[in-house]
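The values are calculated or read from the model by the stated rules, or taken from the named source; none is laboratory data. The structure presented is a predicted model; accordingly, all values stated were derived computationally and were not measured. Cβ: placed from backbone, ideal geometry, glycine included. Neighbour counts: every protein chain shown. When the accessible area is computed, the model is the full protein with side chains, heavy atoms only, and any ligands, DNA or RNA have been set aside. Shrake-Rupley method; radii C 1.70, N 1.55, O 1.52, S 1.80 Å.
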Amino acid sequence: MKSCIYALTKPSHGICKRVCVFSYYFVNIYSSRAVQTLDFSQQDASFEFYYAELRHSLQGNATSGCIRKALETLNFMRNVPGKPTVNNYNALIRCNLKSEYVMLEDLVEVYVGMKRFGLYPNASTFNTLLNGMISHRKTRDAFFIAQEMCARGFVHSFTMFSKLLKKTLESRYLAYALSVFKSMLRFNYFPSEPTFNLLNVSLSKAGIMHEAYYVFSVALEKGYFRGAHSYNPILWALCKSGQSYTALELFYSFKKKGCGHNVCSYTALVYGFSRERLWKEAFRCLREMQTVSYKPNVRTYTAVVKFLCVDGRIQEALSLLDKMEKEACDPDLITYSYNIVLHELSHQSRVAEIYELVSVIDQKGLYPDPFTHSALVGGLLRAGKIGMSMKLLLDIISKRCTMDTVMYNSCFNIICHENKSSDSLSLMMNMIETGFKPNNVTYKTSLKGLCKENIEEALELFDCVK
């Protein structure tokens, strides 16, 4: 018996502590109240009458959250032959879980105590407790109760396994989730596709690649979930962790086993090889996408363009953009890709190339968006071209181009650099009139500049902020 209690309580010190408190309390009841036994032989009513009264009292106390009184009632039931039974304990647990005064810690004490004094839980005990723990988000306790239920030879239903697996994943107890998954396999259960994908994604994101591959391999062996969306998380996790060649091997391995693939599968490989500067492999994947009629999407091109720029291969990035135009890609996609190049040029403070690219964008008839403007202004600021960035911003405002809060904050930053913080107040009024609300960055930037130049205006603005 000790081994059973130890198996349940070892992982949770809180439960161990409750066992000790419960054991002391329970023994105390049985010793100190033994003299208070009811002399049923002197009563006119039958055992059944008293037992019915005690059972009613038990359920009432459990429903109102008075677990200690309910336990005292169980103690009085010992005077009725063959009572209390496991069903009485189950009723206590069930009534408390259905009430608005749920006492989960006390219910664990009840569970451990009934085992200690010779009443062994049945399937109803486990199912009631397990449902209660899951519904009240006590995932760890639910997991250990489920373990003991299996150890005693009881079989969970598929629904119960599914609930427990979802809760362990939601709580990010991946070790428990894997254990539940393997238990399901032993009973020839298999998770639903959404739950299986959640398990796969969770393991992949956590970098537990060996287990993620094991989970997917089991699905393949059993003929489940051969779609690309089931193994794409593994490919992406590998490609993001510098293991693109391993991802490529898995890609072709899954393909041979009859698994489907899609644009997202190829994009993961393109991203990974581009990130690792393995350009030969990256462009080979791009070419293969076209041969199998999978048109690269915005994420595919973004990966290549971005990492080409980071690698200093701006001209190749621009050539790729020309190729995109020839393939009649969506103009918004092309504009987005140009913005990536602009953003990288601005980070490198390459002002001449920024203006050259802006000229190219204009010639192609592409319409700059707020991101384009932000990249331009940011690049000029980083290059120390305060006057040029101010002129550009004023030109953007005068043409009534689309502006966002980030752009306005860039303006405030420039004005403060030029020691013209008083102008930031009028700009802020313009900002509010166009429907944008100043944020913390707006106020902090303006206050910082005003404090250097005009403390009275700074205090006025501070009062407005408050």
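Among the residues of the range 77-114, how many are in contact (Cβ under 8 Å) with a residue 40 or more places away in the chain and of a type in the set (A, V, I, L, M, F, W, C)?
Final tally of qualifying residues: 5.
Determine, yes or no, whether ARG137 is open to solvent by 60 Å² or more (accessible area, probe 1.4 Å) and on the phi > 0 side of the Ramachandran plot.
Taking the combined requirement at face value, the residue satisfies it.
Quick test for you: out of LEU250, LEU238, pick the one residue that is surrounded by fewer than 21 Cβ atoms within 10 Å (Cβ to Cβ) and over 21 Å from ARG313 (Cβ atoms).
Result: LEU250 is the single residue among LEU250, LEU238 that is surrounded by fewer than 21 Cβ atoms within 10 Å (Cβ to Cβ) and over 21 Å from ARG313 (Cβ atoms).
Out of all the residues in the range 142-183, which are open to solvent by 10 Å² or more (accessible area, probe 1.4 Å) and hydroxyl-bearing (Ser, Thr, Tyr)?
Result: SER157, THR159, SER162, SER171, TYR173, TYR176, SER179, SER183.
Would you call LEU238 over 12 Å from PHE273 (Cβ atoms) and among the aliphatic types (A, V, I, L, M)?
no
Is at least one residue of the range 125-134 hydrophobic (A, V, I, L, M, F, W, C), farther than 17 Å from LEU92 by Cβ and under 33 Å from the mean Cα position of the chain (by Cα)?
Yes - at least one qualifying residue is present in the range 125-134.
Would you list the helices (runs of 4 or more DSSP H) that sit entirely within the range 266-326 and hold 1 or more residues that are free of Cβ contacts under 8 Å to residues at least 24 places away in the same chain and either under 16 Å from CYS239 (Cβ atoms) or touching a helix residue (DSSP H, G or I) at 6+ places or on another chain (Cβ under 7 Å) (or both)?
Of the helices (runs of 4 or more DSSP H) lying wholly inside the range 266-326, those with at least 1 residues that are free of Cβ contacts under 8 Å to residues at least 24 places away in the same chain and either under 16 Å from CYS239 (Cβ atoms) or touching a helix residue (DSSP H, G or I) at 6+ places or on another chain (Cβ under 7 Å) (or both) span 279-291, 314-326.
Quick check on LEU199: is it open to solvent by less than 10 Å² (accessible area, probe 1.4 Å), hydrophobic (A, V, I, L, M, F, W, C) and farther than 22 Å from LEU104 by Cβ?
Considered against the rule, which asks whether it is open to solvent by less than 10 Å² (accessible area, probe 1.4 Å), hydrophobic (A, V, I, L, M, F, W, C) and farther than 22 Å from LEU104 by Cβ, LEU199 comes out as yes.
Quick one: ARG277 ticks every box in (1) at positive phi; (2) surrounded by 17 or more Cβ atoms within 10 Å (Cβ to Cβ); (3) of a type in the set (Lys, Arg) bar one, so which box is it?
With (1) at positive phi; (2) surrounded by 17 or more Cβ atoms within 10 Å (Cβ to Cβ); (3) of a type in the set (Lys, Arg) applied to ARG277, the lone miss is (2).
What are the residues in the range 117-134 that are open to solvent by less than 40 Å² (accessible area, probe 1.4 Å) and out of contact with any Phe, Trp or Tyr (no Cβ under 8 Å at 6 or more places or on another chain), if any?
If the condition is that a residue be open to solvent by less than 40 Å² (accessible area, probe 1.4 Å) and out of contact with any Phe, Trp or Tyr (no Cβ under 8 Å at 6 or more places or on another chain), then THR128, LEU130, GLY132, MET133, ILE134 are the ones that fit.
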